[in-house]
Amino acid sequence: MSNSTKKTILQVAVPSPLRHLFDYLMPENCDAKNIKPGMRVLVPFGKRESIGVILDIVTSSKFAIDKLKPAIGVIDHEPLLSNNMLSLISWTSNYYHHPIGDVINNVLPKLLRQKTRKKKDEEYSYVNKIPQKSASHIKLSEHQKQVIAAIKKHLSEFKTFLLDGVTGSGKTEVYLRVIADVVAKGKQALILIPEINLTPQTISRFSERFSAKIAVFHSRLTPKERLISWRMAKDGAAPIVIGTRSAIFTPLKNPGIIIVDEEHDLSFKQQTDLRYSARDIAVVRGKLENIPVVLGSATPSIESIYNVKRKRYIGLALPERAGGASHPSFHLVDMRNQKLKNGIAENLLCQIEKHIDKGGQVLIFLNRRGFAPILICHHCSWVAGCKHCDARLTLHQKNNHLRCHHCGAIVKIPTKCPQCQEEKLLMLGAGTERVEIALRELFPEIKITRIDRDTTKHKNSLEEILKNIHEEKYQILVGTQMLAKGHHFPKVTMAAILNVDQSLFGSDFRASEHLAQLIVQVAGRAGREIMSGEVYLQTHNPHHPLLLDVINGGYMSFVNNCLEERQTAELPPYSYLALLQAESKKQDAVFDFLTTLNDKAKTELDDSVKIFGPVATTMERKAGYFRAQLLIQSKGREKLQQALDVLLRVIDKLKPPPGIRWFLDVDPAELG
Ligand code: ADP
Ligand code: ZN
Ligand code: ZN
């Protein structure tokens, strides 16, 4: 090819389910010098016009040059995404085997992906109005000083730290001090927190300390708010960026540090579309940007602890609670042969009374919302089930209906059994709604509140409840996970978990890890200030090794045993997993598809990769779809990735029959 025929070809990521870039000729009347990767470009795509992002500019194409269409026009004067961001996008697309155009959809705000947009960008409207509070009154503990010094030593290079600090040990204070240094150097700090912790209280701890602008990202922003926050981060106008999972894709002008608080939290894993782990991407991004990454938790994930053990991460610890608050004591409530009142053992009620009498607040945790999880016929044993799912319907008394917690279906409560016509329907089991009602009857004088998805649906309702808890307007707090996370309740002296047994026998291999984390996190809510706390676990299995391990040996003792079990069973972190899940309204079609896929892929794979299945998912039918999956396991990440490439190639050739939907989940959080 002679120089005169050399063309400039743009490799563009276009929103489409296809897993590759698209080649376009440079737009006519355009100077190649002015085009850079990271700029948006308008391109003809099928019969439409589409906005894509230029990933690379090359001079040859694997397609015939005369078949390539010219792009319509380049939209930006400057790249919207830096080279590092483009690398991160490519990495994400490759690692999760997800269409790159769709990864871009997770990165660019909607308003930047639309063709019609106001010409003039909105001014930044965010002003930090909160009066600043100085930190001079807080005397750092020795442990805090050591941890801060250790991180500050590596502010200009990539290092991953795992900060293991019990709840209330002053982790946030550590973040604030480190961020102060980063900001003073003119760099930006990106802080990821779980959705549930993103409350005005959390944000104000940052804005009270820094006069700097803070860009906040969460799922409730309007498109315009999101664009403004995005630009503030990208242009460097906001030295501090705080957000939930998706904020990991925020462009930063001068990245300085990434902090992932409560790194074990499941909300960092996206469970639809692009199934990514924001925590894992944080580490990849830290490496790309050559900046430190701090993962913090009172109950670090098994994976992260393992990474400390094999020296990939630097382990840091804050073993003491800040301000001298003492650790809570654990008690097992043996439910066997005890009288239960709406799922609460009598001697637990005595303890609740004792703590309230002493002026403490009591937290009752129950991993199940609604009134009763089972409606059964006392005569013929008919059980109310969902028409669309393999699931029981939960009875909600306040709304006076039965609801499916998996597909949202709502059904009237029958007055008699639809099978035998007897009027003998019983409500079995207890959810938060029932426990709340029962406690109100038992303690009519006491103010009780409930925190779960049903009571916090409205904007700011969680805020309102939290505020009232702090003002001690309630003595008993009943709730689900929402209550177990992050929030600081200084007056809670007792915490109880009612249905430990439900999680003791969970089918997922991570069930025990999550239960141990839950117990320690719930315990962290009790006795954070002067009053020492007590934690009660109700169980029919008071001799269960996991419970004894967590309460006698502590979280790390549990982790060490868990690691041993995982090693024996060749489970993560000693192996790598991916799920290929398929669903269809026809049961046979799913199994046929996955069986053929497995058979064909196996011929191309060696023994280093195992494919199990197809098996039905734990709940086979959901919202009318039958679901089954292949589990792909390998001892090496590379081998797993190669196997996934093979599987995708086979799928491409197979052309899945119509009506089949499928997706890949790399490093799944749950085995389905
Ligand atoms: P964590 O993030 O580990 O839960 P925080 O940083 O929120 O812990 O600290 C818990 C409480 O203790 C907060 O009210 C915080 O202001 C306070 N605190 C933190 N460090 C100290 C310290 N060195 N001395 C006294 N109080 C502290
Ligand atoms: Zn019946
Ligand atoms: Zn359902």
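For region 562-672, which fully contained strands (runs of 3 or more DSSP E) count at least 1 residues that are at negative phi and hydroxyl-bearing (Ser, Thr, Tyr)?
576-584, 609-622, 625-634
When you scan region 638-654, do you find a residue that is over 20 Å from residue 93 (Cα atoms) and not assigned by TED's automatic domain parsing to the domain that holds residue 275, even just one?
Yes, region 638-654 has at least one match.
Looking for something surrounded by fewer than 18 Cβ atoms within 10 Å (Cβ to Cβ), touching a residue at least 40 places away in the same chain (Cβ under 8 Å) and touching a Gly at 6+ places or on another chain (Cβ under 7 Å) - is there at least one such residue anywhere in region 264-285?
Taking every residue of region 264-285 in turn, none turns out to be surrounded by fewer than 18 Cβ atoms within 10 Å (Cβ to Cβ), touching a residue at least 40 places away in the same chain (Cβ under 8 Å) and touching a Gly at 6+ places or on another chain (Cβ under 7 Å).
For region 179-196, check the following and say yes or no: at least one residue is among the polar types (S, T, N, Q), part of a helix (DSSP H, G or I) and buried (at least 18 other Cβ atoms within 10 Å of the Cβ).
No, region 179-196 contains no residue that is among the polar types (S, T, N, Q), part of a helix (DSSP H, G or I) and buried (at least 18 other Cβ atoms within 10 Å of the Cβ).
Is region 609-618 home to any residue that is within 24 Å of residue 506 (Cβ to Cβ) and either within 16 Å of ligand 1 (Cβ to nearest atom) or in contact (Cβ under 8 Å) with a residue 60 or more places away in the chain (or both)?
Yes, because at least one residue in region 609-618 is within 24 Å of residue 506 (Cβ to Cβ) and either within 16 Å of ligand 1 (Cβ to nearest atom) or in contact (Cβ under 8 Å) with a residue 60 or more places away in the chain (or both).
Can you name every one of the strands (runs of 3 or more DSSP E) wholly within region 305-402 that holds 2 or more residues which are within 16 Å of ligand 1 (Cβ to nearest atom) and buried (at least 17 other Cβ atoms within 10 Å of the Cβ)? Walk me through how you get there before you give the answer.
Details: elements: 314-318, 329-334, 361-365, 374-377, 394-396.
Output list reads 314-318.
Of the numbered conditions (1) without any contact (Cβ under 8 Å) to a residue 40 or more places away in the chain; (2) within 19 Å of residue 620 (Cβ to Cβ), residue 391 satisfies every one except a single condition; which is it?
Residue 391 satisfies every listed condition except (1).
Listed residues 184, 189; which is hydrophobic (A, V, I, L, M, F, W, C) and in contact with a strand residue (DSSP E or B) (Cβ under 8 Å, 6 or more places away or on another chain)?
When all the criteria are applied, what remains is 189.
Find all pairs meeting these conditions: Cβ atoms under 6 angstrom apart; at least six residues apart or on different chains; first residue within region 536-556 and surrounded by 13 or more Cβ atoms within 10 Å (Cβ to Cβ); second residue of a type in the set (Phe, Trp, Tyr).
What qualifies is 549/558; 550/558; 551/330.
Would you please name the residue that is modelled with the highest pLDDT, looking only at residues in region 197-236 that are among the aromatic types (Phe, Trp, Tyr) and part of a helix (DSSP H, G or I)?
First pass over region 197-236, keeping only residues among the aromatic types (Phe, Trp, Tyr): 206, 210, 217, 230.
Checking which are part of a helix (DSSP H, G or I) leaves us with 206, 230.
Working: 206: 93, 230: 96.
Restricting to residues being among the aromatic types (Phe, Trp, Tyr) and part of a helix (DSSP H, G or I), the top hit is 230.
Could you go through region 362-378 and let me know if any residue there is touching a Ser or Thr at 6+ places or on another chain (Cβ under 8 Å), more than 30 Å from residue 617 (Cα to Cα) and more than 16 Å from ligand 3 (Cβ to nearest atom).
yes
Quick one: in region 372-381, which of the residues that are touching a strand residue (DSSP E or B) at 6+ places or on another chain (Cβ under 7 Å) and within 16 Å of ligand 2 (Cβ to nearest atom) is nearest to residue 412 (Cα to Cα)? Talk me through it step by step, then tell me what you get.
At the first step, the residues of region 372-381 found to be touching a strand residue (DSSP E or B) at 6+ places or on another chain (Cβ under 7 Å) are 372-378.
Now drop any that are not within 16 Å of ligand 2 (Cβ to nearest atom), which leaves 374-378.
Values: 374: 14, 375: 12, 376: 15, 377: 16, 378: 19 Å.
Looking at residues that are touching a strand residue (DSSP E or B) at 6+ places or on another chain (Cβ under 7 Å) and within 16 Å of ligand 2 (Cβ to nearest atom), I get 375.
In this structure, is residue 473 surrounded by fewer than 19 Cβ atoms within 10 Å (Cβ to Cβ), within 30 Å of residue 357 (Cβ to Cβ) and out of contact with any helix residue (DSSP H, G or I) (no Cβ under 8 Å at 6 or more places or on another chain)?
Here the answer is yes, as residue 473 does meet what is asked.
Every residue in region 406-418 that is surrounded by 13 or more Cβ atoms within 10 Å (Cβ to Cβ) and not β-branched (Val, Ile, Thr), please.
406, 407, 409, 414, 416, 417
Specify the residue that is nearest to ligand 2 (Cβ to nearest atom); the eligible residues are those in region 419-467 that are in a helix (DSSP H, G or I) and hydroxyl-bearing (Ser, Thr, Tyr). So that I can check it myself, show each step before the final result.
Looking only at region 419-467, we keep the residues that are in a helix (DSSP H, G or I), and these are 432-442, 461-467.
Narrowing the set further to residues that are hydroxyl-bearing (Ser, Thr, Tyr) leaves 432, 461.
Details: 432: 28, 461: 38 Å.
My answer is 432.
Taking residue 503 as the residue in question, decide whether it is on the phi < 0 side of the Ramachandran plot, among the hydroxyl-bearing types (Ser, Thr, Tyr), assigned to a loop (DSSP other than H, G, I, E, B) and modelled with pLDDT under 90.
no
Take the conditions assigned by TED's automatic domain parsing to the domain that holds residue 192, within 18 Å of residue 667 (Cβ to Cβ) and either within 21 Å of the chain's Cα centre (by Cα) or surrounded by 21 or more Cβ atoms within 10 Å (Cβ to Cβ) (or both) and apply them to residue 228. Does it pass?
Against the criterion (assigned by TED's automatic domain parsing to the domain that holds residue 192, within 18 Å of residue 667 (Cβ to Cβ) and either within 21 Å of the chain's Cα centre (by Cα) or surrounded by 21 or more Cβ atoms within 10 Å (Cβ to Cβ) (or both)), residue 228 does not qualify.
Test residue 631 against the criterion of being buried (at least 16 other Cβ atoms within 10 Å of the Cβ), in contact (Cβ under 8 Å) with a residue 12 or more places away in the chain, within 29 Å of residue 297 (Cα to Cα) and not assigned by TED's automatic domain parsing to the domain that holds residue 503, and give yes or no.
no
Determine, yes or no, whether residue 179 is under 30 Å from the mean Cα position of the chain (by Cα), within 16 Å of ligand 1 (Cβ to nearest atom) and either modelled with pLDDT of 85 or more or under 24 Å from residue 256 (Cβ atoms) (or both).
So residue 179 fits the description; yes.
The values are calculated or read from the model by the stated rules, or taken from the named source; none is laboratory data. Everything numeric here is computed off the predicted structure, so don't read it as measured data. Glycine also receives a Cβ, built like all others from the backbone with ideal geometry; neighbour counts cover every protein chain displayed.
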